[in-house]
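The values are calculated or read from the model by the stated rules, or taken from the named source; none is laboratory data. Computed from a predicted structure; not experimentally measured. Ideal geometry is used to build each Cβ from the backbone, glycine not excepted, and the neighbour counts take in all protein chains shown.
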Amino acid sequence: MSQPAYKRILLKLSGEALMGDDAYGINREVVAGIVNDVVEVTRIGVEVGIVIGGGNIFRGMAGAASGMDRATADYMGMLATVMNAIALADAFRAAGVNARVQSALRIDQVVEPYIRGKAIRYLEEGRVVIFGAGTGNPFFTTDTAAALRGSEMGADIVLKATKVDGIYTADPKKDPTATRFQRISFDEAISRNLAVMDATAFALCRDQRLPINVFSLFKSGALKRVVMGEDEGTLVYC
Ligand SMILES: Nc1ncnc2c1ncn2[C@@H]1O[C@H](COP(=O)(O)OP(=O)(O)OP(=O)(O)O)[C@@H](O)[C@H]1O
Ligand SMILES: O=c1ccn([C@@H]2O[C@H](COP(=O)(O)O)[C@@H](O)[C@H]2O)c(=O)[nH]1
């Protein structure tokens, strides 16, 4: 049987996608589907760290737009990602898989704090590690947290599972003529200002020579295909 192309992955899950067709919050069926996909790749020996977004609950930019202090709003956004992380860990528990949540902001009664060495040990033991609270700093996003944790964990690739099936010449939700890249270099993605991921995340991954693959969270079997090195989504390379 063929082997996975990557031994350790950092999976960035869209917070917004967790809503499914609901107007807000966490759709249990969507979460269960994600858990199944992740369990499938852990069964072939892939070590999985997850960074989860918070767009289904709260984004700092939205708070700031309605007059809140931006840093205060960002802390709320980070707490939203912790809620998603806890919901995801609970869904892993229901599926019989041991997942640990580590938070970049300390909430010790609820989840463990982020400790790099411990997270690496969990991954080596085959546990799924869910990183909540982004980077722990306002003015950043969970895309940057994925690039950061991916670099710290020594991941082979960052996988961004989102609402679109790859990186396009323009936002495909706004421009129906946009076309998808099969592969794109970091330099080109940054110079074209492709807003599928923030520039800080692209730049950190480029500096660390950590490739990214952007693919659809809703396409059946897509995660496994990416992990097996098959042509799926868009690969961003150095
Ligand atoms: N060039 C592009 N190619 C593909 N998608 C793009 C592009 N430009 C903008 N987008 C948009 O970026 C979105 C993905 O990024 P976004 O940060 O909004 O979501 P996410 O990271 O998946 O969710 P969350 O922030 O809730 O975790 C896509 O849904 C798409 O509409
Ligand atoms: O490092 C970080 C990560 C996130 N935030 C805040 O959380 C929300 C939700 O994250 P998304 O990446 O948008 O899903 C984000 O809008 C920020 O407000 C942060 O401050 N720092």
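For region 62-71, filtered to residues that are more than 27 Å from residue 129 (Cα to Cα) and of a type in the set (A, V, I, L, M), the residue that is nearest to ligand 1 (Cβ to nearest atom) is 62. Highlighted here are the helices (runs of 4 or more DSSP H) found entirely within region 24-97 that include at least 1 residues which are farther than 22 Å from residue 136 by Cα and free of Cβ contacts under 8 Å to residues at least 12 places away in the same chain: 28-42, 70-94. Within region 1-21, the set of residues being of a type in the set (D, E, K, R), surrounded by 13 or more Cβ atoms within 10 Å (Cβ to Cβ) and part of a loop (DSSP other than H, G, I, E, B) comprises just one member, 7. Residue 201 meets all of the listed conditions (1) under 17 Å from residue 14 (Cα atoms); (2) in contact with a strand residue (DSSP E or B) (Cβ under 7 Å, 6 or more places away or on another chain) but one, namely (2). When each of 101, 110 is tested for being part of a strand (DSSP E or B) and at pLDDT 95 or above, the lone residue that passes is 101. Here the condition is being modelled with pLDDT of 95 or more and under 12 Å from the mean Cα position of the chain (by Cα); of 147, 94, it holds for 147 alone. If only residues of region 164-178 that are hydroxyl-bearing (Ser, Thr, Tyr) and in a loop (DSSP other than H, G, I, E, B) are counted, the one that is surrounded by the fewest Cβ atoms within 10 Å (Cβ to Cβ) is 177. Only residues that are within 16 Å of ligand 2 (Cβ to nearest atom) and not aromatic (Phe, Trp, Tyr) were counted across region 120-137, and they come to 7. With respect to residue 86, determine if the residue is under 23 Å from residue 43 (Cβ atoms), of a type outside the set (D, E, K, R), out of contact with any Pro (no Cβ under 7 Å at 6 or more places or on another chain) and surrounded by fewer than 23 Cβ atoms within 10 Å (Cβ to Cβ). In short, no.
When we screen 89, 155, 170 for residues that are hydrophobic (A, V, I, L, M, F, W, C), more than 16 Å from the chain's Cα centre (by Cα) and more than 16 Å from ligand 2 (Cβ to nearest atom), the only hit is 170.
A count restricted to region 29-52 and to residues that are within 13 Å of ligand 1 (Cβ to nearest atom) and either under 13 Å from residue 217 (Cα atoms) or among the basic types (Lys, Arg) (or both) stands at 3.
Give me a count of the residues in region 139-163 that are surrounded by fewer than 18 Cβ atoms within 10 Å (Cβ to Cβ) and either in contact with a Leu (Cβ under 7 Å, 6 or more places away or on another chain) or at negative phi (or both). Summing the residues that are surrounded by fewer than 18 Cβ atoms within 10 Å (Cβ to Cβ) and either in contact with a Leu (Cβ under 7 Å, 6 or more places away or on another chain) or at negative phi (or both) in region 139-163 gives 3. Can you say whether residue 135 is in a helix (DSSP H, G or I) and either in contact (Cβ under 8 Å) with a residue 24 or more places away in the chain or β-branched (Val, Ile, Thr) (or both), as far as the supplied structure shows? Here the answer is no, as residue 135 does not meet what is asked.
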